[in-house]
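Let me begin by presenting the structure, written as structure tokens, before commenting on it.
The values are calculated or read from the model by the stated rules, or taken from the named source; none is laboratory data. These numbers come from a predicted model, not from an experiment. We place every Cβ from the backbone using ideal geometry, glycine too, and count neighbours over all the protein chains shown. To get the accessible areas, we keep the full protein, side chains included, count just its heavy atoms, and leave off ligands, DNA and RNA. Shrake-Rupley method; radii C 1.70, N 1.55, O 1.52, S 1.80 Å.
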Amino acid sequence: MTQDRREMFVDGRFQPTSTSDHLPVVDPATEMVIGSIADSNDADVSRAVAAARAALPGWRETSPQERADHLRALADVFEDRSETMAALVTHQNGSVIKRSRRTNGTRPVAAYRYNARLADALEVEAALAPDDPSLVRREALGVVGAIVPWNAPQALLAAKLGPALAAGCTVVVKPSPETSLDSFMLVEMLAEVGLPPGVVNVVTGGRETGAALVRHPGVDKISFTGSTAAGRVIAAACGEMLKSVTAELGGKSAAVVLDDADLDVLAANLISTCLPNTGQVCYSSTRILAPRSRFAEVTDLVVQTLGTAVLGDPTDPASDFGPLVSEAQRQRVEGYIESAIAEGARVALGGGRPAGASTGYYVEPTVLVDVHRGMRVFREEIFGPVVVVVPFDDDADGVRIANDSSYGLGGSVFSQDIERATAVARRMETGNVSVNGRDRSDATPAFGYKDSGVGGDPGLSGYLQLKGISRPRG
Ligand code: NAD
């Protein structure tokens, strides 16, 4: 059944957009059109921003505990529907269901509950110091424009909405055109738990809709997650307008496999660390750095593990890899594989489309070796199921190669010696490093170094404005 949702959610209700322009929603596994969404224009964005501005004074005056209660209520409703939500996202972006259940099911629930706890603990006003009557206030920053990518839409939206709502901000969400139907499902839940109209609004559309939100003078902050190319444009526009911005961008992270690593642990964590979501995750450790003394062994293990992984229907709980999100993304990934071969790399696994899969935007899990550091596949984010395996000499050399990147988002170290792995992690120029597999809590910072982002703020701080009130000391 197709879902034609050519509307926007503004001021607590679904409303028609002022344009009939629309975009198709395509299931990447079947290539079937499963719905459509409005390609909203500047006037639609303005209506959404006006609703968010009108709701701001009331919402920011609520107590943090009241906001926490809303977030907890949302988490409860979300939890009941997480299976439906995960499936809806899988039909739009091809995320294998076992992963979608986490990223679009349990993770958002945990994030809303975590931010409810942060709201409970928020001290809006406090004395500057015991012997100073001046006050420090933490006030809601204002109207937030939340621009979200398609790869893990509900986890990434929750990472914006959770702290924004807890802090007392109101929000206009611009989801990715590939995954917008799930945002409508979310706002239905928000309405159900009694969130006041206008506190969260959704306008759908492509890049131009997002650009209109960024440029709108009624938006106080842009919270963007997406590509580095778009992030540069958005951060520049925000700089021009002196608007607060958080930009969480691309990556080209490294997995540093130390010479004492337990390769069973690497195998067990290979997909979740190096190629989660068919490689379409910003923090994927797609450069696997192997000690020269064990290079053949590590390469064989990677080839064997990825070669026996299940590539197939993303709705099947057995599938480890699904299709890429779109034909354009598949062409981009295939272009990278071709460029690697042209530059002298060798394909140790995959490299093409799976035999027999005539429908769906599939690319085989691919392992490239004989890769040197000047190659595009070593330097650029591919966003597909492609890893390179590159040798290093000692721990210092591993760190040097890991840091030889314009990005710095994720990363991982594998070793039986946790302290040794941690010493390597400390020297990696990147925002989040996992040791022996990825197991990150909501409280662990994960903000980009270098071209991977600007403005990472822990907890609620990215959504709060500090104010000082100086009072006479008597
Ligand atoms: P994208 O940058 O093309 O689009 C992301 C969102 O921004 C979409 O909603 C899009 O419509 C909108 N957009 C694009 N250009 C815009 C502009 N100029 N002005 C305003 N809005 C604009 O990225 P994508 O293809 O959807 O997502 C993949 C990228 O996101 C990858 O590079 C990935 O690494 C990155 N990503 C980063 C994180 C992180 O936390 N650092 C998480 C997930 C994805």
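Give me the angle, in degrees from 0 to 90, between the Cα long axis of helix 64-80 and the longest principal axis of the Cα atoms of the chain, rounded to the nearest 10. Helix 64-80 sits at roughly 50 degrees to that axis.
Along the range 252-268 the Karplus relation, 6.51 cos²θ - 1.76 cosθ + 1.60 evaluated at θ = phi - 60°, assigns HN-Hα couplings of 8, 7, 10, 9, 9, 9, 6, 6, 9, 4, 7, 6, 5, 5, 4, 4, 5 Hz to successive residues, with x for each Gly and Pro. For the chain, find the longest principal axis of its Cα atoms and tell me its angle to the long axis of helix 181-192, 0 to 90°, nearest 10. Around 40 degrees separate the two axes. Sorting the segments 431-444, 90-103, 223-236 by their residues' average number of neighbouring beta-carbon atoms within 10 angstrom, most packed first, yields 90-103, 223-236, 431-444.
Between Ala355 and Ser46, the simple spin-label model (points 7 angstrom out along Cα→Cβ) gives 6.0 nm. This model, with +1 at the C-beta of Lys and Arg and -1 at the C-beta of Asp and Glu, gives the range 282-357 a dipole about its Cα centre of some 300 debye.
Reported to the nearest whole Å, the Cα centre-to-centre distance from the range 111-163 to the range 1-73 is 21. FRET efficiency for the pair Arg420 and Val33, taken as 1/(1 + (r/R0)^6) with r the Cβ-Cβ distance and R0 = 60 Å, rounds to 0.70. In the range 254-442, the portion of solvent-accessible area held by carbon and sulfur atoms comes to 47 percent [1.4 Å probe, whole percent, DNA, RNA and ligands not counted].
Looking at the range 254-442 alone, DSSP beta bridges between its own residues are antiparallel in about 15 percent of cases.
Over 23 Å between Cα atoms: which of Lys221/Lys467; Lys174/Lys221; Lys174/Lys243; Lys98/Lys174 fall into that group? Correct reply: Lys98/Lys174. Loop-resident GluC sites (Glu not before Pro) (DSSP state other than H, G, I, E or B) in the range 98-151 with no more than 14 further Cβ atoms inside 10 Å of their Cβ: Glu123. For the range 101-253, the dipole from Cβ point charges (+1 on Lys and Arg, -1 on Asp and Glu) about the Cα centre works out to 600 debye, to the nearest 20. Within the range 36-152, the proportion of C-alpha pairs whose separation exceeds 17 Å stands at 71%. Give me the aspartates and glutamates in straight-line cross-link reach of Lys252: C-alpha distance below 17 Å, same-chain residues under 8 apart excluded. Filter leaves Glu380, Glu381, Asp404, Glu429, Asp451. Relative to the longest principal axis of the Cα atoms of the chain, the long axis of helix 107-120 makes an angle of roughly 40 degrees.
Annotation: amide H-H contacts under 5 Å for Glu7 (H modelled 1.01 Å from N, sequence separation of 5 or more, or interchain): Ala38.
What number results when the radius of gyration of the chain, computed over Cα atoms, is divided by 2.2 N^0.38 Å?
1.00
Once you list every other residue whose beta carbon is under 9 Å from the beta carbon of Val148, what net charge do they have if Lys and Arg are +1 and Asp and Glu are -1?
Local charge sum for Val148: +2.
A simple spin-label model places the labels of Thr106 and Arg207 3.7 nm from each other, with each point 7 Å out along Cα-to-Cβ.
What is the distance in Å between the Cα centroid of the range 322-351 and that of the range 441-474? The range 322-351 and the range 441-474 have Cα centres separated by 39 Å. Taking the 1.4 Å solvent-accessible surface of the range 116-237 as the whole, the part contributed by carbon and sulfur is 58%.
Between Glu83 and Asp131, the modelled label-to-label distance comes to 6.3 nm, taking each label 7 Å out from Cα in the direction of the beta carbon. Solvent-accessible area per residue in the range 254-442 equals 38 Å², computed with a 1.4 angstrom probe and all protein chains kept. Restricting attention to the chain, close to 45% of DSSP beta bridges with both partner residues there are antiparallel. Here is how the number arises for the chain: DSSP H runs of 4 or more residues each give -39500 (n - 2.57), the sum is divided by the residue count, and the result at 222 nm is -12000 deg cm²/dmol.
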